[in-house]
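Peer 1: Here you go, one structure.
The values are calculated or read from the model by the stated rules, or taken from the named source; none is laboratory data. Quick caveat, the model's predicted, so the values are computed rather than measured. Don't worry about glycine lacking a Cβ; one is built from the backbone with ideal geometry, like all the others, and counts go over all protein chains shown. Ligands, DNA and RNA are excluded from the accessible area calculation, which covers all protein heavy atoms including side chains. Shrake-Rupley method; radii C 1.70, N 1.55, O 1.52, S 1.80 Å.
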Amino acid sequence: MQSIKRRNGRIPFGYEENPEDRTLLDPIPEQLEALEEIKTMVSQGVLSLREGSSWILHKAGRSLSYQGLKDKVDRMNTTHG
């Protein structure tokens, strides 16, 4: 996993500010893996958005609102569907 360029002031779920270069965001593998797993489960109807949001907090230790999760699931379905 590689660092990404920072686009605005907000740091997306699964990333943290690079301590040496504030214009870069470093991935947090555990969070990104949990997000991918939960996005798939929500997309398949196994979990609701609210349940997925709770699972994200439980698995990754960082909160993601159900609306934020919905945006990520929708984006996944648009790019893969």
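Peer 1: Might you let me know whether segment 9-22 holds any residue that is within 12 Å of the chain's Cα centre (by Cα) and in a helix (DSSP H, G or I)?
Peer 2: There is no residue in segment 9-22 that is within 12 Å of the chain's Cα centre (by Cα) and in a helix (DSSP H, G or I).
Peer 1: Hey, does segment 20-39 have a residue that's among the polar types (S, T, N, Q) and exposed (fewer than 13 other Cβ atoms within 10 Å of the Cβ)?
Peer 2: yes
Peer 1: Look at S53 and say whether it is under 17 Å from P12 (Cβ atoms), touching a Leu at 6+ places or on another chain (Cβ under 7 Å) and loosely packed, with under 15 Cβ neighbours inside 10 Å. Don't jump to the end; show me each part of the working.
Peer 2: Details: under 17 Å from P12 (Cβ atoms): yes; touching a Leu at 6+ places or on another chain (Cβ under 7 Å): yes; loosely packed, with under 15 Cβ neighbours inside 10 Å: no.
Here the answer is no, as S53 does not meet what is asked.
Peer 1: Taking into account only those residues within segment 23-47 that are in a loop (DSSP other than H, G, I, E, B) and farther than 18 Å from R75 by Cβ, which is nearest to the chain's Cα centre (by Cα)?
Peer 2: Among those that are in a loop (DSSP other than H, G, I, E, B) and farther than 18 Å from R75 by Cβ, it is I28.
Peer 1: Give S53, S63 a once-over and let me know the one that is over 21 Å from M1 (Cα atoms), of a type in the set (S, T, Y) and touching a residue at least 12 places away in the same chain (Cβ under 8 Å).
Peer 2: Answer to the selection: S53.
Peer 1: Still on this structure: Restricting attention to segment 59-77, does a residue exist that is touching a Gly at 6+ places or on another chain (Cβ under 6 Å), open to solvent by less than 80 Å² (accessible area, probe 1.4 Å) and part of a helix (DSSP H, G or I)? Show your work before the answer.
Peer 2: Narrowing segment 59-77 to residues touching a Gly at 6+ places or on another chain (Cβ under 6 Å): 69.
Now drop any that are not open to solvent by less than 80 Å² (accessible area, probe 1.4 Å), which leaves 69.
The next check asks that each one be part of a helix (DSSP H, G or I); those that pass are 69.
So far as segment 59-77 goes, yes, one or more of its residues are touching a Gly at 6+ places or on another chain (Cβ under 6 Å), open to solvent by less than 80 Å² (accessible area, probe 1.4 Å) and part of a helix (DSSP H, G or I).
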